[in-house]
Amino acid sequence: PKGLRVSDKGFLNTAVIQSQITYIDGDAGILRYRGYPIEQLALHSTHLETAYLLIYGTLPSEKQLRQFDNEVMSHSYVHADAENFFRSFRYDAHPMAILTSAFAYLGSYYGEANPSLQGQKLFTNGDRSSLANMDRQIFRIIGKATTLAAMAYRVRQGREFVIPPAGLSYTGQFLYQMDHLGQENYKPSPVLEKALDVLFLLHADHELNASCTTVLQTGSSLVDPYSAIAAGCASLYGPLHGGANEAVIRMLISIGSPGNVPAFLESVKRREKVLSGFGHRVYKTSDPRSFIIRKTADEVFKVTGKDELMETAMALHDAAIKDEYFVKRQLAPNVDFWSGLIYRAMGFPLDFFPVLFAVPRVVGWLAHWRQMMLQEGGVKIWRPRQVYVGSAKRDYVPIGNRP
Ligand code: SDX
């Protein structure tokens with residue numbers, strides 16, 4: 001088709017929508033949610049308050065926040081039938097694969113969310129009932145994200161599922177359901193509860209990253225939001241994206257000690273290895289989240305004790321940020337470099353780390369999904385074009401006449 005320009009492989013620099021949700025300046029290392037600097041939100045806000053901000057565009061009043069919190073928490077329960085679904089997985093199933101399937105499973109019985117069942121105008125004419133229906137789907141997905149994650153965790157251990165008591169915070173009820181330290185009458189430590197809330201807030205959104213684009217691409221066909229979120233989970237699962245926090249720890253374990261860092265960096269320069277947790281498609285100076293996570297790590301280590309991989313991580317970080325090879329390629333630590341060390345110190349299993357990225361990120365995916373559903377003129381299916389560079393027209397050759 002005329003006038004088409006290939007934006008390099010992988011959307012290297014392609015703007016596909018206008019958005020009012022998140023602003024990133026990759027050169028200046030700036031990240032703002034609805035105009036508020038991430039540093040201020042991390043210091044003063046909570047994950048659920050920030051979720052309200054990302055989804056509805058304003059900081060909530062006390063009453064609005066209480067209502068939102070109650071709605072999300074009241075939707076955190078999952079029907080008992082779901083237990084059979086979770087028990088169908090093998091003991092060694094990756095929890096991110098379980099979570100991805102679990103959201104698709106939710107879509108199987110929240111069919112009324114599927115706009116194509118009720119005409120394509122459901123979410124685009126903005127009438128009260130459809131807005132209320134959309135909000136209910138949003139509450140359900142945010143509320144159930146922690147429960148599905150906790151169920152994915154416990155089913156692999158063959159342990160029963162836990163219903164948390166009312167009155168806990170969002171991260172408190174998550175930690176209670178996980179009870180990942182297996183303590184009798186487990187009471188989440190306020191420091192760990194707060195640290196996890198900050199980490200959730202920092203992971204809540206990041207404009208059109210691979211997984212958010214996947215959610216919008218999928219949602220643009222008017223499929224139900226649970227199926228679109230499942231698609232986002234599948235994209236986030238990859239080691240180049242949300243799987244990087246797990247890959248960083250595996251990398252640090254393989255390096256073994258600070259003394260092995262120079263040899264490891266040489267292997268990266270020979271392109272035999274990737275320096276996981278470094279580099280970013282947009283941030284070319286620094287990822288502002290990594291500084292906040294680094295500070296949060298010190299808070300957590302006061303309670304859990306420093307992770308023995310920390311020395312290697314600091315030696316790797318200090319060497320790489322000064323090394324010409326990485327400086328020239330504008331490779332700096334990203335959100336995943338330090339977060340895995342916190343999750344590990346908190347006692348989460350390694351393969352659970354991408355799940356700890358997906359749970360908060362459903363907020364950003366839903367904020368963008370809602371923005372698309374309510375856009376002027378209704379939803380348009382996303383259908384990119386290509387530039388064809390294959391064979392010219394040629395006639396079929398019967399198999400007997402082929403070489
Ligand atoms: C997230 O998009 C988002 O916003 C994502 C995210 C979010 O919040 O949603 O921020 C979360 O996914 C963070 C990124 C987590 N991934 C990793 O840490 C994996 C390691 N990082 C790389 O795979 C890479 O940096 C990417 C995927 C993150 C970005 O890759 P790009 O933009 O496609 O960069 P590139 O591959 O074109 O690299 C440019 C150069 C290349 O060298 P040359 O061929 O030019 O010589 O830098 C090199 C690359 O080889 N390079 C790396 C490297 N990242 C890039 N070399 C070694 N180690 C790395 N990590």
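The values are calculated or read from the model by the stated rules, or taken from the named source; none is laboratory data. In this text the structure is predicted, and so the values were computed from the model without any measurement. Neighbour counts are summed over all protein chains in view; Cβ atoms, including those assigned to glycine, are modelled from backbone coordinates with ideal geometry. Each accessible area value is taken on the protein alone, full model and side chains, heavy atoms only, with ligands, DNA and RNA left out. Shrake-Rupley method; radii C 1.70, N 1.55, O 1.52, S 1.80 Å.
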Cleavage-rule hits (trypsin sites (Lys or Arg not before Pro)) in region 133-173: DSSP loop, at most 11 neighbouring Cβ within 10 angstrom: R159
Amide H partners (placed H, <5 Å) of F278, local residues excluded: N334
Compactness index (Cα Rg / 2.2 N^0.38 Å), region 313-403: 2.00
Carbon + sulfur, % of accessible area of the chain - ligands and nucleic acids excluded, 1.4 Å: 54
Max mean-square fluctuation residue, GNM over the chain, Cα-Cα springs under 10 Å, options G390, G167, G279: G390
FRET efficiency, 1/(1 + (r/R0)^6) with R0 41 Å, evaluated for D135 and E308 via beta carbons: 0.35
Exposure rank, largest accessible area first [D205, D318, D27; 1.4 Å]: D27, D318, D205
Mean ellipticity per residue at 222 nm, deg cm²/dmol - from DSSP H runs of n ≥ 4 across the chain, formula -39500 (n - 2.57): -16500 deg cm²/dmol
Dipole moment magnitude, nearest 20 debye, the chain about Cα centre, only Lys, Arg, Asp, Glu C-beta charged: 1400
Region 233-281: GluC sites (Glu not before Pro) falling in loop per DSSP and having at most 12 other Cβ within 10 Å: E272
Accessible area in square angstrom per residue, the chain, 1.4 angstrom probe: 48
Alpha carbon centroid spacing (whole Å) that separates region 141-175 from region 212-261: 21
Trypsin sites (Lys or Arg not before Pro) within region 345-390: DSSP coil, no more than 14 neighbouring Cβ in 10 Å: K380, R385
Magnitude of the charge dipole, region 196-348, Cβ model with Lys/Arg +1 and Asp/Glu -1, debye to 20: 440
Cα-based shape type of region 356-403, given that a ≥ b ≥ c are square roots of the gyration tensor eigenvalues and the cut on a/c is 1.5: prolate
Gyration tensor verdict on the chain (Cα atoms; rounded if a/c is under 1.5, prolate if a/b is larger than b/c, oblate otherwise): rounded
Axial C-alpha extent at least 20 Å, average Kyte-Doolittle at least 1.0 - helices from the chain (DSSP): 95-109
